[in-house]
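Below: the structure, in structure tokens.
Derivation of every value follows stated rules applied to the coordinates shown; laboratory data play no part. No experiment lies behind these values; they were computed from the predicted model shown. Note that each Cβ is placed from the backbone with ideal geometry, even for glycine, and that neighbours are counted across all protein chains shown.
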Amino acid sequence: MPKVAYEVLHPEKRSSCVVFASPHSGRDYPGSFVRTTLLDEKTIRSSEDAFVDQLFDTAPRYGAPLLTAGAPRAFVDLNRSADELDPALIEGVRRQGHNPRVASGLGVIPRVVANGRSIYRGKLPMTEAERRISLYWRPYHQMLQKLLDGAFQSHGQAVLIDCHSMPHEAMDGIARTGVKRPDIVLCDWFGAAASCAVVDVVEDAFASAGFTVARNAPFAGAYITQAYGRPSRHQHAIQVEIDRALYMNERLIQPNADFDAVRQRLQTVIADISRIGQTRVPLAAE
């Protein structure tokens, strides 16, 4: 089993209402888990947001905590609801309506990794699914809400920046239209998860650092954005997708020569976003 459900990097002084989180960068793959899969150690990492936690690890310098996952996405997907159980993978699960994420094998206990490659030979017992949810999913989400509650209590508002990465090919469709390929996609569930004011601040921070930014295409946000984005209650959530080709070799799953430069640019973005709580930028619901 992965050693921990999560880790938190806390600032010396909590001066921002922003919480950074990385639910898909967990990379603790126990041998006991890898041996139960059909995949080699590299292929099983293909759905992982590799190194995203390192790209954002300067957040505490600017008064904001960073929450990172311990368990890898292939083991349990923290960006899914706990009840998104796949009947094609988990024994005893009844089919209930159509959920496109579950149907594609990307439920809370994933059946496949990137490009639809199967993880397991057969089904998993329900007890195993429940164990992963109990030991990893619930503790992570309990801590995430605790951090957001702390931000709200201190600042009267909370902003979640949920950090992810996307395959370079995810932007191929947009690039073919003649539009400049985005480096960053901001996902706010078409305005339902965050006010326009907070998204504008975040977009400006990335654009000022030289990144090309798009909103809600081809991603609009998944479970965490939808579950935690409550702008009418002054709790905002934005899923941030970063083109992996900017900072890593996707085939080898290794940082590329630009990794340090991209991390440095992101440090200025983190600093700008973290000032939301420090300067009392108004982020009222719209």
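Values computed for the structure shown
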| quantity | calculated |
| --- | --- |
| Length-normalised contact order for region 54-147 - Cα pairs under 8 Å, 6+ apart - percent | 31 percent |
| Rounded to 5, the percent of DSSP beta bridges in the chain classed as antiparallel | 40 percent |
| Cα-based Rg and Dmax for region 95-183, where Dmax is the largest Cα-Cα distance (Å) | 18.4, 50 |
| Principal semi-axes in Å for region 76-234 [√(5λ), Cα gyration tensor, largest first] | 30, 23, 12 |
| Neighbour cut-off at most 13 other Cβ (10 Å), DSSP loop, trypsin sites (Lys or Arg not before Pro), region 86-146 | R94, R95, R121 |
| Average Cα contact separation per residue, region 4-119, under 8 Å, 6 or more apart, as relative contact order % | 34 percent |
| Normalised contact order of the chain, rounded percent, pairs of Cα under 8 Å and 6 or more residues apart | 23 percent |
| Region 1-151 shape via C-alpha gyration tensor axes, a/c threshold 1.5 | prolate |
| Cross-link reach list, lysines versus K3, counting only Cα pairs under 17 Å and skipping chain neighbours closer than eight places | none |
| Trypsin sites (Lys or Arg not before Pro) lying in DSSP loop within region 209-283, provided at most 10 other Cβ fall within 10 Å | R251 |
| Cα-based equivalent ellipsoid, the chain: semi-axes from gyration tensor eigenvalues, Å | 30, 22, 18 |
| Estimated vicinal HN-Hα couplings, Hz - region 179-195 in sequence order (Karplus 6.51, -1.76, 1.60; Gly, Pro = x) | 7, 4, 4, x, 7, 10, 10, 9, 10, 10, 6, 6, x, 7, 9, 7, 6 |
| Exposure proxy order (Cβ contacts within 10 Å, fewest to most) of M248, M1, M143 | M1, M143, M248 |
| Residue-wise HN-Hα coupling along region 126-134, computed from phi with Karplus coefficients 6.51, -1.76, 1.60 (Hz; x: Gly, Pro) | 4, 4, 5, 4, 5, 5, 5, 5, 5 |
| Charge sum, other residues only, whose C-beta stays under 15 Å from P60's C-beta, Lys/Arg counted +1 and Asp/Glu -1 | +1 |
| Charge context of D149, other residues only, Cβ under 14 angstrom, K/R +1, D/E -1 | +4 |
| Among A21, A158, A82: highest mean-square fluctuation, GNM of the chain, C-alpha pairs under 10 Å | A82 |
| Order of D243, D204, D272 - criterion: other Cβ atoms within 10 Å of each residue's Cβ, fewest first | D204, D272, D243 |
| Order of F51, F219 under a 10 Å beta carbon neighbour criterion, fewest first | F219, F51 |
| Set of aspartates and glutamates with alpha-carbon distance to K123 below 13 Å, sequence-local pairs under 8 removed | D86, E91 |
| For the chain, built as a Gaussian network whose Cα springs stay under 10 Å, the top-fluctuating residue of G150, G26, G63 | G150 |
| CD proxy at 222 nm, helix term only [per DSSP H run n ≥ 4: -39500 (n - 2.57); per residue of the chain; nearest 500] | -8000 deg cm²/dmol |
